[in-house]
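The values are calculated or read from the model by the stated rules, or taken from the named source; none is laboratory data. Here the structure is a predicted model, which is why all the values come from computation and not from measurement. What goes into the accessible areas is simple: the full protein's heavy atoms, side chains included, and nothing from ligands, DNA or RNA. Shrake-Rupley method; radii C 1.70, N 1.55, O 1.52, S 1.80 Å.
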Amino acid sequence: MNQPPVLISEQDIQARVAELAAQISADYSDKGDIVLVGVLKGSFIFLADLSRRLTIPRTIEFIAVSSYATGSISSGAVRLVMDVRGNIENRHVLIVEDIVDTGHTLKYLIGILESHHPASIKTAALLHKPERAEVEVPIDYIGFGIGDEWVVGYGLDYAEHERTLPYIGIIEPTD
Ligand code: 5GP
């Protein structure tokens, strides 16, 4: 496969992740510690970079959902594949998502995590496609707003490929 054209460079991503980490660290400075809940698989690189730049005490959990089949065609419903393992009751939770598209996945995740009775829930997404929103969902920290295009890299895939591309690139889905 040819290298996908660059939408957001590695440098721009790193600079924005540093800004988000500084903002999150400041916002939570009076709250003790937070638990970052990374949404598998797409958020794993964003979570790794963001978490290492925070200056507040933090722990890491993962949750896995499936909202798309293969490629870029939505399968419709969101399904819980793996819940968080640690106890998040009375903890300050920050959901770390790769991208918010229609908003269904994040809305579903908030519902699942609320059932664990955390002290608070906030959300961070590296990317947001505002034109595609179908449900209203709060995104407290957004890296970049993008248009209606399929993006890969920095954790995001196209049919499981391209997750380790260091930048965000654009792909033309063929299915
Ligand atoms: P939503 O429920 O907001 O429509 O979809 C969120 C999920 O869809 C993301 O976590 C991601 O897995 C997938 N997704 C949406 N748009 C893109 C995209 O442009 N590229 C990739 N790789 N995944 C996307």
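Note the angle between two axes, namely the Cα long axis of helix 10-27 and the longest principal axis of the Cα atoms of the chain, as a number of degrees from 0 to 90, rounded to the nearest 10. Compared with the principal axis, the helix lies near 20 degrees.
Surface analysis of the stretch 1-100 yields an accessible area of 51 Å² per residue, using protein heavy atoms and a 1.4 Å probe.
Computed with a 1.4 Å probe over protein heavy atoms only, the accessible area of ILE112 comes to about 30 Å².
The listed residues ASP30, ASP101, ASP140, ASP148, once ranked by accessible area (1.4 Å probe) with the largest placed first, stand as ASP30, ASP148, ASP140, ASP101.
Given a 10 angstrom Cα cut-off, can you work out which residue in SER115, SER43, SER66 is the most mobile in a GNM of the chain? So, out of SER115, SER43, SER66, the one fluctuating most is SER115. Counted over the stretch 36-164, the DSSP beta bridges are approximately 25% antiparallel.
Across q = 0.14, 0.15, 0.16 Å⁻¹, the chain modelled as identical point scatterers on its alpha-carbon atoms has Debye log10 I(q)/I(0) values of -0.71, -0.82, -0.94, in the order of the q list. When all protein chains stay in place and ligands, DNA and RNA are ignored, the 1.4 Å accessible-area order of PHE144, PHE44, largest first, is PHE44, PHE144.
The helix-based estimate of mean residue ellipticity at 222 nm for the chain, built from -39,500 (n - 2.57) per DSSP H run of four or more residues and divided by its residue count, is -7000 deg cm²/dmol to the nearest 500. Just the protein heavy atoms count here, and of the accessible area of the chain at 1.4 Å, carbon and sulfur take up 50 percent.
From the Cα gyration tensor of the stretch 10-65, with a ≥ b ≥ c the square roots of its eigenvalues, which class applies: rounded if a/c is under 1.5, or else prolate if a/b is larger than b/c, or else oblate? Judged from the Cα gyration tensor, the stretch 10-65 comes out oblate (a/c at least 1.5, b/c at or above a/b).
When the surface is traced with a 1.4 Å probe over the full set of protein chains, HIS128 keeps roughly 40 Å² accessible.
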